[in-house]
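A short worksheet on the structure shown next.
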Amino acid sequence: MTTDSRSEMITLLPRLRAFARSLTGAADLADDLVQITVEKALRHLDSYAPDTRMDAWLFRIMRNAFIDMVRARRDTQPLDDAGADTVMGEDGRRTTENRLHLAEVRRAMAGLPEEQRTVLMLVCVEGMRYREVAAALGIPEGTVMSRLSRARLSLAHSLNATPDTGPHRGIAR
């Protein structure tokens, strides 16, 4: 492994953790998933093609590891870590409202099918292009667009919001 590959993998850790959190819904499981992903990536580094994107390769490994994790999971209770990110000196009301809204979004996302949630996270949170997501997940680009559209509509419906269907929607004029 080259120093550049190590640096790139380290740089991607926060993005991997965010994606893992969206898949698992719990910080402790997300950390485990990131560790599993990095271990598998290091073990199979010889299969990494230098002309491909490291993030897409790692996201694919993570998604496959998550599927394996779900298949092997026993009935366990996730720990509630909503209070773990306490920030001192903030407006309590605003912080509480933001946390409640974030919890509502997390619940809505957790209600999405895994395929839709995965595509939504990679496109909307990670900023990956449709073709990059398609390559990372091994699915056609049209399937990415279809899953993303259904995920956005479902989230908007769950959150009682109007989906953004055009570039100027939601802007007060």
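Every number in this text was worked out from the coordinates using simple rules, so none of it is lab data. Nothing here was measured: the structure is a model prediction, and the numbers come from that model. Virtual Cβ from ideal backbone geometry, glycine too; neighbours counted across all protein chains shown.
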- Can you list the HN-Hα couplings for region 128-135, worked out from phi with the Karplus curve (6.51, -1.76, 1.60; θ = phi - 60°), rounded to whole Hz and with x for Gly and Pro? 6, 7, 4, 5, 5, 5, 4, 5
- Message: With θ taken as phi - 60° and the coefficients 6.51, -1.76 and 1.60, list the Karplus ³J(HN,Hα) couplings across region 31-37 in order, rounded to whole Hz; mark glycine and proline as x.
- Response: 4, 4, 5, 4, 4, 4, 4
- Task: Calculate the radius of gyration of the Cα atoms of region 93-148 to one decimal place, then report Dmax, the largest Cα-Cα distance, as a whole number, both in Å.
- Result: 13.7, 45
- Query: Got a sec to turn the phi values of region 19-24 into Karplus ³J(HN,Hα) couplings, 6.51 cos²θ - 1.76 cosθ + 1.60 with θ = phi - 60°, whole Hz, x for Gly and Pro?
  - Reply: 5, 4, 5, 5, 6, 8
- Message: Assuming 0.36 nm per residue, please report the length gained on full extension of the stretch Ser47 to Asp4 beyond their Cα-Cα distance.
- Response: 13.8 nm
- Once the Cα gyration tensor of region 1-41 is diagonalised, semi-axes √(5λ) in Å: 21, 10, 6
- Task: Mind ranking 43-56, 99-112 by how tightly packed they are, going by the mean number of other C-beta atoms within 10 angstrom, highest first?
- Result: 99-112, 43-56
